[in-house]
Amino acid sequence: MRISTRRLLLAGAVGLAVLAAGYLVGVNAYLRSGRLERALGRDADHFFVRNASAWTVWPGVVHLRGLELHGQSRTVQWWVRIDGATMALDLPRLLRRELVAASLDASGVAFRLRRRPEAIPGAAPPDQTPPIPGLLNTPAPPEAPEAGVPAPASWRIRLAGVTLKRLREFWIGGYRFAGDASAAGGFDLYLDHSFALDHATASFRSGSLLLASRPLLDGAAGAIQFELPAFDPNHLVGGFLPLASGSLRLHARLDGLGFLDPYLRQVRWIELGGSPGAVDADLRVRRGTYLPGTHVEARPGRVTARLLDDEASGRCKVSWDVVREGGGAKGSLVAAFDEFQLGRPGAARPRARGRGLRVEIVTRDLRVAALPAPAALAVDLPPAEVGDFSSYNANLPRGAGIALRSGTGLVSASLRAAAPAWEATGGVDLRGREVVVDVQGAVLRGNLRARSRFRALPRQRQLFLTESNVELADVVRLGAGAGPPRPGWWARLHLDYVAVRPGALMVVLRARLQSTLSDTRPLFALFAPQRRPVLSWLDRLLDLHPIGAVGELVVGEGYVAVESLAITSGSADVRAFLRFSGGRSDGILYAAYGPLSVGMELRGGQRSWKLVRARHWFENRRATRRL
């Protein structure tokens, strides 16, 4: 019997309709039954899949809503949430325990990844990393299969051509991005065996970056490229970042410099802080290591850099660069001040103002997986203008009766330190013009230059001046009845070793004092402003110049003392002890010229003369009295 073409076509159409109906009924029933999710997630603590709804209207094209996945290996835990997705699924391969999609378009995506703290020594605490819904923050590791029991065949999940829209959260470890981003790429996952990531790209139009819930960046915009070779998640040590390669470029608003706190945790005695500003970054990474050419530049509104008890503040650019060094590379964090003022926190006036202050912290550990540990520190203070020397009174012992009244000048300094001891070395150069100082009511004016080399133990807050030279010039006495020194008086002093407590001068060891003076008039003026006429021979001592003097300088809480001061020149011999404390002067002096000698005592402003056996008197007083 002959069958017409029309009947054949009709039969074929009916057959296709039956197949389509069967497909729609059968596949949608399978998707609604949850059998696929149960097959993939046979152990909810190991790998779990669920979705609010799933359906198909075209063979191989599956629509999903409310898709959620989470899982863990021996070292990491992860979670993904997708509001809606459409994938081109290879249905026959499901029979071979393979979920393969040629494309996946998803929107409303959130992703979280954390290292398991009980599996990775030194991992961040659980409260600083993302919670994984459906998993405890510190669950027990997956159990190994029993001996002799064959493990079930693992599923393969292969997603290519993945496009993620409205990527609203990306949270890895302590770092969390929240905003509006998109991404494209793909991956190949064999449960329990391996994971490989295709070349991935992402762009973010706006968003915020947080570290351990602390805001770092806002209004971030940029792009990222990312590559990750195949690896076994169960045998991954140190996370996947050591394997990663890629680049990141972004521009954002900077909340401050608080993100540097972890970077500076090994050098707690130096701090960098700043007000909101802008930041630009160009990060380049290969196999988990920053490459030369990496550059981050931040311009906060204002930056403060505190070293021990001194603080610099002003307009500043903070940058981090990776540069070549020999056969390797180093990272350099630099705070370069366009202009700054230097002083103690809370002080009414700054100590100095200038331009070009530079703080550099170097690191040679350029791994992405951990914040680079500082390896060296350098501080360079170019000549800065001192507007008023009275700001340095904070470095003088209180109650000693010595105070700086005025004066201008320049100060410069440098410091170098290196890990692990962080013992610092450096130098300070201070120059003063028309500096006015009040010494127990005697007001002097002159020029000075002080240069010191130092060694510091910042962790113990100790500073040692290993060599100091002070030059005084053109010193005169001011005020009514001004007496010695005579105009043009000068002195050069050398201190071999002084220990200083930052914030207030504190000598804990005696400092050897060597000096050269133009004459002795200031010393005698302290003991005898008006000499007795019968001692006119003292004029010969006053006119000795230049002369050398040695002694010991001791400075403590509330006092300054010059002990064992000795001046010898030919037939002249002068020895003295002098102490300034509590607004009063105390001291003893012995002076001899050939066979002539005299002793003088100063006690609370009262003076007395010793004309008989002066040397014997002086030696007894020195042995029995501590000034």
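Some observations on this one:
- Only one of 578, 596, 589, 627 that is modelled with pLDDT of 85 or more and within 50 Å of the chain's Cα centre (by Cα): 578
- Some residue of segment 279-300 being acidic (Asp, Glu), part of a strand (DSSP E or B) and within 22 Å of residue 182 (Cβ to Cβ): yes
- For segment 392-426, a residue qualifies if it is among the polar types (S, T, N, Q), under 15 Å from residue 307 (Cα atoms) and touching a Ser or Thr at 6+ places or on another chain (Cβ under 8 Å), but none of them does.
- Filter result for the condition that a residue is modelled with pLDDT of 75 or more, under 28 Å from residue 251 (Cβ atoms), open to solvent by less than 60 Å² (accessible area, probe 1.4 Å) and touching a helix residue (DSSP H, G or I) at 6+ places or on another chain (Cβ under 9 Å), over 174, 207: 174
- Strands (runs of 3 or more DSSP E) contained entirely in segment 51-104, each with at least 3 residues that are surrounded by 17 or more Cβ atoms within 10 Å (Cβ to Cβ): 61-72, 76-89
- Just one residue in the set 216, 197, 189 is buried (at least 16 other Cβ atoms within 10 Å of the Cβ), part of a strand (DSSP E or B) and in contact with a Lys or Arg (Cβ under 9 Å, 6 or more places away or on another chain); that residue is 189.
- Look at (1) crowded, with 19+ Cβ neighbours inside 10 Å; (2) among the aliphatic types (A, V, I, L, M); (3) modelled with pLDDT of 85 or more and you find that residue 400 fails only one, number (3).
- Any hit, segment 296-310, residues being in contact with a Lys or Arg (Cβ under 6 Å, 6 or more places away or on another chain), of a type outside the set (Asp, Glu), within 24 Å of residue 337 (Cα to Cα) and modelled with pLDDT of 90 or more: no
- Matching entry among 385, 339, 297, 325 (being open to solvent by 30 Å² or more (accessible area, probe 1.4 Å) and under 20 Å from residue 416 (Cβ atoms)): 325
- Lone unmet requirement of (1) under 37 Å from the mean Cα position of the chain (by Cα); (2) modelled with pLDDT under 70 for residue 531: (1)
- Residue 139 meets all of the listed conditions (1) open to solvent by 50 Å² or more (accessible area, probe 1.4 Å); (2) at pLDDT below 70 but one, namely (1).
- Condition check for residue 622: within 25 Å of residue 514 (Cα to Cα), buried (at least 18 other Cβ atoms within 10 Å of the Cβ), under 53 Å from the mean Cα position of the chain (by Cα) and in contact (Cβ under 8 Å) with a residue 40 or more places away in the chain: no
- Close pairs from segment 196-217: first touching a residue at least 40 places away in the same chain (Cβ under 8 Å), partner outside any strand (DSSP E or B) and surrounded by fewer than 16 Cβ atoms within 10 Å (Cβ to Cβ), Cβ under 7 Å, at least 6 apart: 212/128; 214/258
- Test: residue 358 is without any contact (Cβ under 8 Å) to a residue 24 or more places away in the chain and surrounded by 15 or more Cβ atoms within 10 Å (Cβ to Cβ): no
- All positions within segment 219-254 that are aromatic (Phe, Trp, Tyr), farther than 22 Å from residue 280 by Cβ and either crowded, with 17+ Cβ neighbours inside 10 Å or modelled with pLDDT of 85 or more (or both): 240
- If only residues of segment 258-278 that are open to solvent by 50 Å² or more (accessible area, probe 1.4 Å) and not in a strand (DSSP E or B) are counted, the one that is modelled with the highest pLDDT is 276.
- Only residues that are out of contact with any strand residue (DSSP E or B) (no Cβ under 8 Å at 6 or more places or on another chain) and of a type in the set (Gly, Ala, Ser) were counted across segment 402-428, and they come to 1.
- When segment 558-601 is filtered for residues that are open to solvent by 40 Å² or more (accessible area, probe 1.4 Å) and touching a residue at least 40 places away in the same chain (Cβ under 8 Å), the ones remaining, listed by number, are 559, 575, 579, 582, 583, 584, 593, 596.
- Count of residues meeting criterion [surrounded by fewer than 19 Cβ atoms within 10 Å (Cβ to Cβ) and touching a Phe, Trp or Tyr at 6+ places or on another chain (Cβ under 9 Å)] in segment 602-613: 1
- Qualifying residue in segment 404-415 (condition: out of contact with any helix residue (DSSP H, G or I) (no Cβ under 9 Å at 6 or more places or on another chain), hydroxyl-bearing (Ser, Thr, Tyr) and under 17 Å from residue 458 (Cβ atoms)): yes
- Each residue in segment 457-494 was checked for being within 29 Å of residue 267 (Cβ to Cβ) and modelled with pLDDT of 80 or more, and 3 of them qualify.
- Flag for residue 332 being open to solvent by less than 30 Å² (accessible area, probe 1.4 Å) and modelled with pLDDT under 90: no
The values are calculated or read from the model by the stated rules, or taken from the named source; none is laboratory data. Note that the structure is a prediction, hence the values are computed from the model and not measured. Every residue, glycine among them, receives a Cβ derived from its backbone with ideal geometry; neighbour counts consider all protein chains shown. The area values use the complete protein model at the heavy-atom level, side chains included, leaving out ligands, DNA and RNA. Shrake-Rupley method; radii C 1.70, N 1.55, O 1.52, S 1.80 Å.
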